[in-house]
Structure formats: C-alpha cells, structure tokens
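The values are calculated or read from the model by the stated rules, or taken from the named source; none is laboratory data. If you're wondering where the values come from, they're calculated on a predicted model, not measured in any experiment. Quick reminder, even Gly has a Cβ in these numbers, built from the backbone with ideal geometry, and neighbours come from all protein chains shown. SASA here: full protein model, heavy atoms, side chains in, ligands and nucleic acids out. Shrake-Rupley method; radii C 1.70, N 1.55, O 1.52, S 1.80 Å.
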Amino acid sequence: MNTSPLEKIHAAIKSFNPFETLAIVREQNIWDGGFPDVPTFNAHASDEVIKAIKQVQQTSTGHSKITSRVIVSGQGEGKSHIISRIFNHCRSTEQALCIYGNVEKYNFDSINREFQATLAKSLDRKIGSSEVTSWQRLATFMANSTWKAANPSTKLASPQQLVNHLNNPNQSLEKVSEWIDIITQKFCQVSQGRRIDPDLTRAILWTLVETQAPYAVKWLSGQEIAENKAKQLVLPNSVFGTENTESQAFEIVLQMLTLIADYKPILICFDELDTPDISRSKSGLSRPHVVARLIKSLVDSINLSETSQGIVILTVMMPDTWNQKIKQMPGGVPDRISATGSPINLKFMNEDSVVELVTLWLSKFYHSQNLKPPTPIYPFDEQKIRQLGKGNSVRKIIKWCAENFKVPDSIETDSSNSSTSPPNSELKNPVELAYKQKLEELEKSTNVWMEDETRIANSLKLCFNTIAGKVIDSVTVHKIELVEPKQENRGYIAFKIIAKDNGKIIKIGVVVMQKSSGRSVGAALTRLINYKKFDITRGCLIRSKQINPTAAQAQDYLSKLLSPKWGGEWVRLTAEDIKPLLAVYQVYRSRQDYQLNDQQIRNFIERNQLVVNNHLIREILSAPSGQIPTGLIEE
C-alpha cells in the first residue's frame, strides 16, 4: 500500500490526539486491555506472576496453594500496564479468574466489606466473547459437582446450557426456586469437611437466572436488597447493618475464595495503594497498612484443599511504600505480602522498546483512520523518540507525545494561508481531560456507584470544602466538620456543614442512605433527628429511593425529621446531580497519577461552576420544604 497523501494525514493529526487518553490507565483498561502493549517490556514481572499461578495450581499441599508477589516501581513506570497484560493473558487462556481491587476507592474502616464487593464485582463479568459471567461459571461448577457426587456417570452441563435451561420461558420461577433449594441442600451435604454457608450457595446459584442475577450479585457484594426480593430469593437481609458486619464479611470472603479456588485458580490484585490519603482509618492506620493487614489475614485464614486450584495475591506499589511502610510492619506481614521475600522491580524503557511502543500506539491510530504514514512513528523523529527512552517513565513519554503530536512546524507555516482544514487544537486542560475520563467511567457503572454511600458522601464533603467562604442563595458555607461522638454516630451522619444563613449559624447533618431495609434507614434517621447529641440544627437525608411503607419506625422518624419542630429535609439523589461531583472527587483522589495539584483542581471547579451551580448542593443548603420529594425510585 502506498503512503497516504500528507494532507489527509495532517487532517487526521489535527482532528484527534490519540496520546491524550493513554497517560492514565483506567480500571476499565485493566480489564479490556484498551491500549497496545509491548510484551517484552518488563516481561520478567508478568512472567513471574503467571509462573506463580501455575505453581499454586500444580502443588499438592493445601498450605502451598496460596502465595503472594509484590511489584514495585516508581510513578508512571507501567505498573497498571503489567496488571492489564497479566489479566488479559489469564482471560484469553482461561488460566485464572482475576479479582481487581482498586483500593483508592476503599473505605478503610470497612475493608472486609469493600473487598467482598470487589469479589462480587470482578466475578460479575463476561469472559471474552462468552455470554456467561464468572459467577454463572462457578454456579455451574457447583451444580455439576453435586450431580457428579450423586452419580459419577452423569453428563455434566455447560454454563450456557444451564443458563438457557433455567431461563426458558416455560420454566416458572417457583420451579427454578425449588431446583435451587435442592442443589443448595445437596451441595452443602457433599462438601464434606467444610462448613459451606447455604445462603451463600443459594445466592451464587441465583446468578444463573438472568432476571434475579442483579439482586443475587448485589447480595453477594454485601449490599441489602429490597425486602420482598430477599424473601423471593430466600436470602436474609439480617446480616447487614449489625455490629459485627466486618467479621461476617470476612467469613463470607473466605468461603467465596475457597469455593472459587475449587473451580479455577484465582489471581487477586491490589492496586493504588500509593494514592494520598484524605483521612486515616479509625485505628489511625494508613491505606497501605490497612491493605497489608487484610492480605495477612487472608493468607493466614484461607484453608484450601489439596484439590484446590490455588490463589495468588499480587500487590503493586511504589518503592517508598514497600521500604518505609510495608517492610517495617511487625508480625510477619512483609512475608505474607511477598512470599519470595523481595519485590519484583520494574525497569525503565530503553531506546528500542520506546520506539516499539510509540509505533504500536500510532499503528492503532492510523489503522482506525485507514491511513498509511510516511514512517511508522510520523510525525515524530525517531532520534528524538530514542532519546526519550533513556531513563524516562512510560507516563512521561506519553505526556511528551501528547504535547508534540501535531503537524510539523515547517509544513504548518507553509500552509497557514492556504489550508482550509481547522487549526491544530491545543492540548486540553489536564484537569478537564481527567474529569472527562472519570465521567466516562461513571457512565458505564451507574447502578454501582449510585449505591456507594461512602463515595457519594466523600464527594459531597470535598465539594462543600471547595466553596467555603462563598455565598449561595444567602447561605455562606464556613467549613465541614466530622460528627461527634463517633461511637454513637457509627458513621451514619457522614459530615456536618457549618454555615450562616442570613446571619444565623446553621449546622446541617448530612446522611447518605441508599440501603433498602427499613432497619438501616431507621438507624440513620434516629441519629439524624438527635440534634442535641450530634450538635446539629438541621438534619438532611439524601436518598433516591422510597422508604418501605411497612417500616413503621423509619416512617415515624421521617415524620419527625420533616415536621416543623425539627425542620429537617429529604433531598432526592439523582445520577445527573451527583455524577459531576463524583467525577471531580475521583480526579482529586487520582491527582498524583494525573500529576495535578489541589489548586489546579479548585480552579477547574470554580471556572466551570461545577459546585456552586449544582442542584444537589443548592438543595442541601436551601430552606427545607418539609415534604417528601417526588420522583423517588420504588424498589
């Protein structure tokens, strides 16, 4: 094929910069490999992890069927690219089931529940072109194990066959429920020597039924489901909202991992340990310490059988995190985090690998435009690219490419008077680029983050902090405070807004409550109306759903909150209102990765009036109507 006309190539260069979206590897990229990869670059790291998966699968003793590795590198040196390479290898070869824990989003004080949610989310994915999820594959394995124990000559079903059978329109939900009851009972019986939770077994089997799978996965992730749905699926909501939820979540996680490992090797990866902490856990521990303690607990507590396929735990971090935090922890923690004793160090790119990488990125771009450039790395100069390969991180190289991906200056000058093509656009504001990426991520998982009370509350807290000193409809926000006493609050009131309304000090306690059960809603509301104990003058409930009419106590507390005596309010939560605030919050949490500072983010927020003009923010500050909002979701 001949080289394409330069005017077409230049028009393509002016219209789109492929490097702008490559600098930061997003969680979705980890799973789908949404960027070209040079397999030889840091191959020693990915090879070591893949080798560990084979080892735990082939070893004959249960104790050695769980191991761990640590990958260490500086910022932007390709940690996430390596994870994605390993994940995509496991996916394409079906060598292991992958669990990705982005701990940047974790609430430190509920680390077990966070990891339970990570497990459920990771397995609720379809593998390759398959139409079944990992949960459905596991459920099929459990059903087949039950049949095989009863009759070794039984013909086993494939996941797709079982899904098709249970979702046949001629199958009534009652018959399917009876089948699930029988398999649950018999599976727990044949699992000799192990205490298998029948509720967990039943929930996994329900993932085979397409109409019920979302509720089953929600329950498996540790979230409450609507009371009527819980009764229909015979799953208890009683485990949620109790004092020992964290310990219960850990027990469920152990059983989940044991069941999954019976079916397929597991690779668990913990990422983003190095993101700056906004706050510490109640015990005063930082993010790396909390995650390290979780890993130690998993390694010490998981009891795998000799027939298990094994578990590998991979943790990625920066050198300082390993040397100054993890290695200093007592009680054998470092040995649990890295079973080999020392981490796997990533290397900088060299001259050849950087040319190969840039060639791959541009090959994808030119192929999508149906163009053939004069050289594989046009418009870049190969000598300049080779110089970049001397001691620079992947991120710095991509950033340089993003800033210099344009028509050569001499050509641009010669054609400035005659060209009719649009001028080469400047590189986008880095905060704007990061913000748009986060919006795209949120767009793909609305049903997940609309249930994430902690993330919603933290985004509101951050955004209210950015408008301290500003006047919004006669209300001046002064500061945001934590709620005391902590022990009595138990995290229900997320934060307190101290403001002045027409010269009068107001203290607004904010609760984000998306759980379904009346018990959880009641527990939140009883605190929200206790103005004296928590030193607030107004309670504000933020919620998108109706409250169950049969939850008498919750309804009673709600009536008090909205009465003139208490003067509280219920602000309806909508995806449209909270999404831009969540995106800003996610950018702030990832600011080191994007190489942004606080002031840049604040300037972007103020310039675009993302907070002061946000409907949810204004509703929280406005005078309460005393009414239940309209448009609530009926579960």
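With a Förster radius of 56 Å applied to the C-beta separation of E48 and T526, the computed FRET efficiency comes to 0.60. Accessible area per residue for the chain is 45 Å², calculated with a 1.4 Å probe on protein heavy atoms, without ligands, DNA or RNA.
Express in nm, to one decimal, how much length is gained between T245 and Q161 on full extension, taking 0.36 nm for each residue of separation and deducting their alpha carbon distance.
Taking T245 through Q161 to full extension adds about 26.6 nm, to one decimal.
Multiplying the residue separation of A552 and Q592 by 0.36 nm and removing their Cα-Cα distance gives an extension gain of 9.6 nm.
Just want the answer: with Cβ charges of +1 for Lys and Arg and -1 for Asp and Glu, which residue in I311, N2, G522 is farthest toward the dipole's positive end in the chain? So the residue we want is G522. Each part gets one Cα centre, and for region 302-337 versus region 582-635 those centres are 37 Å apart.
The listed residues H10, H289, H367, once ranked by accessible area (1.4 Å probe) with the largest placed first, stand as H367, H289, H10. Overall, the accessible surface of the chain at a probe of 1.4 angstrom is composed of carbon and sulfur to the extent of 48 percent. Normalised by the number of residues in region 112-247, the average gap of Cα pairs under 8 Å and 6 or more apart makes the relative contact order 28 percent. When only Cα pairs below 8 angstrom with a gap of at least 6 residues are kept, region 561-635 shows a relative contact order of 50 percent.
Computed from the C-beta positions of E432 and Q75, the FRET efficiency with R₀ = 30 Å rounds to 0.90.
Quick one: order W322, W147, W31 from most to least accessible surface, probe 1.4 Å.
Descending order: W147, W31, W322.
Per-residue 3J(HN,Hα) values for region 595-606, derived from phi via the Karplus relation 6.51 cos²θ - 1.76 cosθ + 1.60 with θ = phi - 60°, read 6, 10, 10, 4, 5, 4, 5, 4, 4, 5, 4, 5 Hz in sequence order (x marks Gly and Pro). FRET efficiency for the N168 to K533 pair, using the beta carbon distance and R₀ = 56 Å, is estimated at 0.50. The label-point distance for E94 and D199, in a model that sets each label 7 Å from Cα toward Cβ, rounds to 3.3 nm.
Just want to confirm a number: the relative contact order over the chain, from Cα pairs under 8 angstrom separated by 6+ residues, in percent.
Working: 964 pairs, mean separation 107.8, N = 635.
Computed over the chain, the figure is 17 percent.
Estimated from helices alone, the mean residue ellipticity of the chain at 222 nm is -14500 deg cm²/dmol (sum of -39500 (n - 2.57) over DSSP H runs with n ≥ 4, per residue). The accessible-area ordering, largest first, of the residues T61, T211 stands as T211, T61, per a 1.4 angstrom probe. The modelled label-to-label distance between E484 and A339, using points 7 Å beyond Cα along the C-beta direction, is 4.7 nm.
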